[in-house]
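Values quoted throughout were computed directly from the atomic coordinates according to the rules given, and no laboratory measurement underlies them. Predicted model, so just to flag it, every value in this text is computed and none were measured. We place every Cβ from the backbone using ideal geometry, glycine too, and count neighbours over all the protein chains shown.
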There are 2 protein chains.
Amino acid sequence: MINELVKKIQKLQAPVVVGLDPMLSYVPEQVQKKAFAEYGETLEGAGEAIWQFNKEIVDKTWDLIPAVKPQIAMYEQFGVPGVEAFRKTVEYCKSKGLVVIGDVKRGDIGSTSAAYAAGHLGNVQVGNSRLTAFGEDFATVNPYLGTDGIKPFIDVCKEENKGLFILVKTSNPSSGEFQDRLIDGRPLYEWVGEKVAQWGETHMGESYSYIGAVVGATYPEMGKVLRRVMPKSYILVPGYGAQGGKAADLKPYFNEDGLGAIVNSSRGIIAAYKQEKYAHIGAANFGDASRAAVEDMIADINSIF
Amino acid sequence: MINELVKKIQKLQAPVVVGLDPMLSYVPEQVQKKAFAEYGETLEGAGEAIWQFNKEIVDKTWDLIPAVKPQIAMYEQFGVPGVEAFRKTVEYCKSKGLVVIGDVKRGDIGSTSAAYAAGHLGNVQVGNSRLTAFGEDFATVNPYLGTDGIKPFIDVCKEENKGLFILVKTSNPSSGEFQDRLIDGRPLYEWVGEKVAQWGETHMGESYSYIGAVVGATYPEMGKVLRRVMPKSYILVPGYGAQGGKAADLKPYFNEDGLGAIVNSSRGIIAAYKQEKYAHIGAANFGDASRAAVEDMIADINSIF
């Protein structure tokens, strides 16, 4: 799957991923109204609204982008119908040939991590049937519990040719509270990055590992160091756009081959129709606004090369 | 909710929580067969099997215990029908008066953490309706992202009188890889524990904070230190029983008032009928085996006082 992701990025010249993080407040009124007319102002109605919203954005952008990253929290808040909207979104994106990164930030130990891995990346045995629950291609994972938490995920990734992006240095202001603390003279995120590189060696694709890392766009100096620490790990970069990361800051996240990083934008793409720049396109054509924003993002990021 | 939990623990003289982590392999054949007869060997069939399994265990133990801790990974692996089984389990346990600790180990930032908090502990706005998605009383949370990740959870907890257990020192063998590394001479878990104490001060119950911590039973020396670092935080203690933690090791997790800790057992209770000790009760009466195991666990833990 990492080989496929790299190929798609090269073919489309687009090291970007669209974050499908649908707040209900992003969903245009006509989409909400239609969903509520059918299902009421219920969790089912909310699930239908975000699913229809996603579908339109995917329909208008899928040919430009290699990957999407649905953030499961935005679905989970709507309970079981929200999780069903997540499942449908994953399934639909895969049917469009998109690589799906499940932004689930799961992390536990042993059989519990194995269960998360089975549900999100693998299969589960029920009687004599082998079934797929969600079936993303990649999942984001939290490293706080150490190798016991990561290895069950990697085991499933090996069986299924799937991959991970492990949190190393997150994009938020307080990420330094623990991640930047010095251990034997080096910050925790470097130690985590080193582990990611080691874990990555155990599951290599053609030029990059199946085991990648999350490093926020908001910390380019740290990105530079982490690029060296994990030369074979793809870096998933959140924090571009709405969170303040700029294209000029992104250079250090890439290797000299122009590969090695994929930059996420969520709000900046899916709620583009709300920005002054795209407002003329109108809420009725929100998918077209997202397409225009994707085109602009790709041009912006390619300007650094 | 922390006040309620403390009162229930005192009334029942039972500082224990039953981990509802239903692997399909724990579910007796007759329960699986019945579910598969109705729904086939499908995700729905698996969801029904684990729900019926849980229901029987809850029916046979609810009067002995203050709380349950469903581990959502075990449900998520069965996709949407699994998550529906989680929801029904939470709802049913609450209808029995049990405190429900959602072992979800979520952790993200800003609006994403807020969405998890709304889904698991709070409410979500859909049009003019305010709806509950899962509605646990407590959730476990991962601290790696720092205050930005925790504060949105605490905000919801304050509104709803709900609480958290934040991972500090986990029970697994490799938890030390990052958690034990020394920062200015003190291990990371102590720094995290100190933050938990600070966060806890912002949301206090009568005698304990709504913001608790997870500290594994397998590290009693560290439990002793962390008890001092977080005197007002309830400690949720996994790792007793199947993971090797013994009652004698649990003393340091409690305060002098005999309170301050709640000990989890999952496999040891829910799959008790598979143990030699309870095998005579038989798989047909697996709920009675769980009840016997709960009684033994309570006696074992109370033996330390």
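Miscellaneous remarks
- Check on A:Lys33, of a type outside the set (Ser, Thr, Tyr), at negative phi and in contact with a Pro (Cβ under 7 Å, 6 or more places away or on another chain): no
- Taken over the range A:260-303, the criterion of being surrounded by fewer than 15 Cβ atoms within 10 Å (Cβ to Cβ) and either among the aliphatic types (A, V, I, L, M) or touching a residue at least 40 places away in the same chain (Cβ under 8 Å) (or both) is satisfied by A:Ala279, A:Ala283, A:Ala284, A:Glu295, A:Ala299, A:Asn302, A:Ser303.
- So A:Glu76, is it facing another protein chain (nearest Cβ under 7 Å), without any contact (Cβ under 8 Å) to a residue 60 or more places away in the chain and not β-branched (Val, Ile, Thr): yes
- Checklist (1) among the hydroxyl-bearing types (Ser, Thr, Tyr); (2) within 11 Å of chain A (Cβ to nearest Cβ); (3) more than 24 Å from B:Leu121 (Cα to Cα) applied to B:Thr170, failing item: (3)
- Single unsatisfied condition, A:Tyr144 versus (1) closer than 29 Å to B:Ala49 by Cβ; (2) out of contact with any helix residue (DSSP H, G or I) (no Cβ under 6 Å at 6 or more places or on another chain); (3) part of a loop (DSSP other than H, G, I, E, B): (1)
- Candidates B:Val99, B:Val27, B:Val31: the one that is closer than 27 Å to B:Leu121 by Cβ, in contact (Cβ under 8 Å) with a residue 12 or more places away in the chain and either more than 10 Å from every other protein chain (Cβ to nearest Cβ) or surrounded by fewer than 18 Cβ atoms within 10 Å (Cβ to Cβ) (or both) is B:Val99.
- Among the residues of the range B:173-183, those that are touching a strand residue (DSSP E or B) at 6+ places or on another chain (Cβ under 9 Å), within 8 Å of another protein chain (Cβ to nearest Cβ) and not hydrophobic (A, V, I, L, M, F, W, C) comprise B:Ser175, B:Gly176, B:Gln179, B:Arg181.
- Exactly one residue out of A:Glu190, A:Glu159 is more than 10 Å from chain B (Cβ to nearest Cβ), assigned to a helix (DSSP H, G or I) and within 26 Å of B:Asp148 (Cα to Cα), and it is A:Glu190.
- When residues in the range B:67-81 are screened for being β-branched (Val, Ile, Thr) and either surrounded by fewer than 24 Cβ atoms within 10 Å (Cβ to Cβ) or closer than 18 Å to A:Gly149 by Cβ (or both), 2 of them pass.
- Residues in the range B:59-114 that are part of a strand (DSSP E or B) and not β-branched (Val, Ile, Thr): B:Ala67, B:Gln71, B:Gly102, B:Asp103, B:Lys105, B:Arg106.
- The set of residues from the range B:133-149 being aliphatic (A, V, I, L, M), within 9 Å of chain A (Cβ to nearest Cβ) and closer than 16 Å to A:Asn142 by Cβ comprises just one member, B:Leu145.
- Residues of the range A:126-140 that are outside any loop (DSSP other than H, G, I, E, B) and within 20 Å of A:Asn3 (Cα to Cα): A:Phe138, A:Ala139, A:Thr140.
- Each residue in the range A:25-56 was checked for being hydrophobic (A, V, I, L, M, F, W, C) and touching a strand residue (DSSP E or B) at 6+ places or on another chain (Cβ under 7 Å), and 2 pass.
- Filtered residue count, the range A:113-132, keeping only those that are in contact (Cβ under 8 Å) with a residue 40 or more places away in the chain and either facing another protein chain (nearest Cβ under 7 Å) or of a type outside the set (A, V, I, L, M, F, W, C) (or both): 2
- Of all residues in the range B:7-58 being part of a loop (DSSP other than H, G, I, E, B) and among the hydrophobic types (A, V, I, L, M, F, W, C), the one that is nearest to B:Val100 (Cα to Cα): B:Leu20
- Every condition in (1) free of Cβ contacts under 8 Å to residues at least 24 places away in the same chain; (2) of a type in the set (Asp, Glu); (3) within 11 Å of another protein chain (Cβ to nearest Cβ) is met by B:Asp108 except one, and the failing one is (1).
Table: residues versus (1) β-branched (Val, Ile, Thr); (2) farther than 30 Å from B:Leu131 by Cβ; (3) in contact (Cβ under 8 Å) with a residue 40 or more places away in the chain; (4) surrounded by fewer than 17 Cβ atoms within 10 Å (Cβ to Cβ).
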{"residue": "B:Pro143", "(1), (2), (3), (4)": "no, no, yes, no"}
{"residue": "B:Gly176", "(1), (2), (3), (4)": "no, yes, no, no"}
{"residue": "B:Pro187", "(1), (2), (3), (4)": "no, yes, no, no"}
{"residue": "B:Glu194", "(1), (2), (3), (4)": "no, yes, no, yes"}
{"residue": "B:Gly241", "(1), (2), (3), (4)": "no, yes, yes, no"}
{"residue": "B:Lys246", "(1), (2), (3), (4)": "no, yes, no, yes"}
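- Among the residues of the range A:28-75, those identified as β-branched (Val, Ile, Thr) and under 20 Å from the mean Cα position of the chain (by Cα) are A:Ile50, A:Ile57, A:Val58, A:Thr61, A:Ile65, A:Val68, A:Ile72.
- Residue in the range B:203-212 that is assigned to a strand (DSSP E or B), within 14 Å of another protein chain (Cβ to nearest Cβ), crowded, with 19+ Cβ neighbours inside 10 Å and touching a Gly at 6+ places or on another chain (Cβ under 8 Å) present: no
- Within the range A:83-93, one or more residues are under 19 Å from the mean Cα position of the chain (by Cα), surrounded by 24 or more Cβ atoms within 10 Å (Cβ to Cβ) and facing chain B (nearest Cβ under 9 Å).
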